[in-house]
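**Student:** Quick one: this structure, given as structure tokens, is what I'll be asking you about.
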Amino acid sequence: MAEQILASFESTQQARRAIRTLVSAGFRHEEVTTHSTEPALEPEFLPPEKEKSYLGAFALAGGILGALAGYLLPSLTARAMNLPTGGQPVVSLWPFGIIMFELTALGAIGGTFIALLGGAGLPRWKGKLYNDEFADDLMQGGVLICVTSDQPDRMEVAQHLLQEAGAKKVKCV
């Protein structure tokens with residue numbers, strides 16, 4: 001199981017220096033995460049860019065599933081009710097088209113929402129980046145750095161590097 005080390009810094013300059021130190025020591029950008037109350041747009045704080053987004057594919061798949069559900073729901077309901085139609089077809093596309101349209105839109109929205117959550121890395125199953133002990137530091141404009149690794153010896157190195165970089169608090173969670 002992956003271990004995490006949380007460290008709080010008083011300024012973004014200290015945090016930037018700590019991130020550079022960690023990366024130069026061999027830690028990947030995916031292993032180092034930052035949390036701050038202020039936006040920090042320096043390259044060290046930005047997550048690595050993903051090469052491809054699947055947002056459109058999820059929206060299309062959701063729309064297709066929604067359209068299929070929009071057709072099946074009223075048509076199967078109409079057939080199951082055994083309505084007298086006076087010789088007219090039980091399943092008619094014009095009235096069912098409204099339901100298909102709405103469920104197509106709902107499916108596309110749902111697919112987009114799922115893709116957005118996945119692209120943002122939510123929910124965070126591996127562990128949380130937030131710890132109650134660091135709340136005051138964050139509210140006072142500090143920066144929280146989280147280092148994650150499966151190797152305990154690397155965690156000791158990370159803890160030592162963070163303390164040397166001027167961390168206010170360092171905790172292994």
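**Student:** Just the residues that are at pLDDT 90 or above and surrounded by 13 or more Cβ atoms within 10 Å (Cβ to Cβ), please, taken from region 24-41.
**Tutor:** F27, the sole residue that qualifies.
**Student:** Hey, any hits in region 96-105 for a residue that's touching a helix residue (DSSP H, G or I) at 6+ places or on another chain (Cβ under 8 Å), over 30 Å from D137 (Cα atoms) and in contact (Cβ under 8 Å) with a residue 40 or more places away in the chain?
**Tutor:** Checked against the condition, which is being touching a helix residue (DSSP H, G or I) at 6+ places or on another chain (Cβ under 8 Å), over 30 Å from D137 (Cα atoms) and in contact (Cβ under 8 Å) with a residue 40 or more places away in the chain, region 96-105 yields at least one hit.
Residues checked against (1) closer than 19 Å to A67 by Cα; (2) part of a helix (DSSP H, G or I):
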{"site": "Q88", "(1), (2)": "no, no"}
{"site": "E102", "(1), (2)": "yes, yes"}
{"site": "A108", "(1), (2)": "yes, yes"}
{"site": "P123", "(1), (2)": "no, no"}
{"site": "T148", "(1), (2)": "no, no"}
{"site": "A158", "(1), (2)": "no, yes"}
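**Student:** Any idea which of P74, P84 is of a type outside the set (S, T, Y) and not in a loop (DSSP other than H, G, I, E, B)?
**Tutor:** Exactly one residue qualifies, and that residue is P74.
**Student:** For residues that are within 17 Å of F27 (Cα to Cα) and without any contact (Cβ under 8 Å) to a residue 60 or more places away in the chain, tally how many sit in region 129-162.
**Tutor:** Number satisfying all stated conditions: 4.
**Student:** Only one of (1) under 30 Å from D150 (Cα atoms); (2) among the aliphatic types (A, V, I, L, M); (3) modelled with pLDDT under 95 is not met by A80, so which one is it?
**Tutor:** Of everything listed in (1) under 30 Å from D150 (Cα atoms); (2) among the aliphatic types (A, V, I, L, M); (3) modelled with pLDDT under 95, A80 misses just condition (1).
The values are calculated or read from the model by the stated rules, or taken from the named source; none is laboratory data. Fair warning: this is a prediction, and the values are worked out from it, not measured in the lab. Every residue, glycine among them, receives a Cβ derived from its backbone with ideal geometry; neighbour counts consider all protein chains shown.
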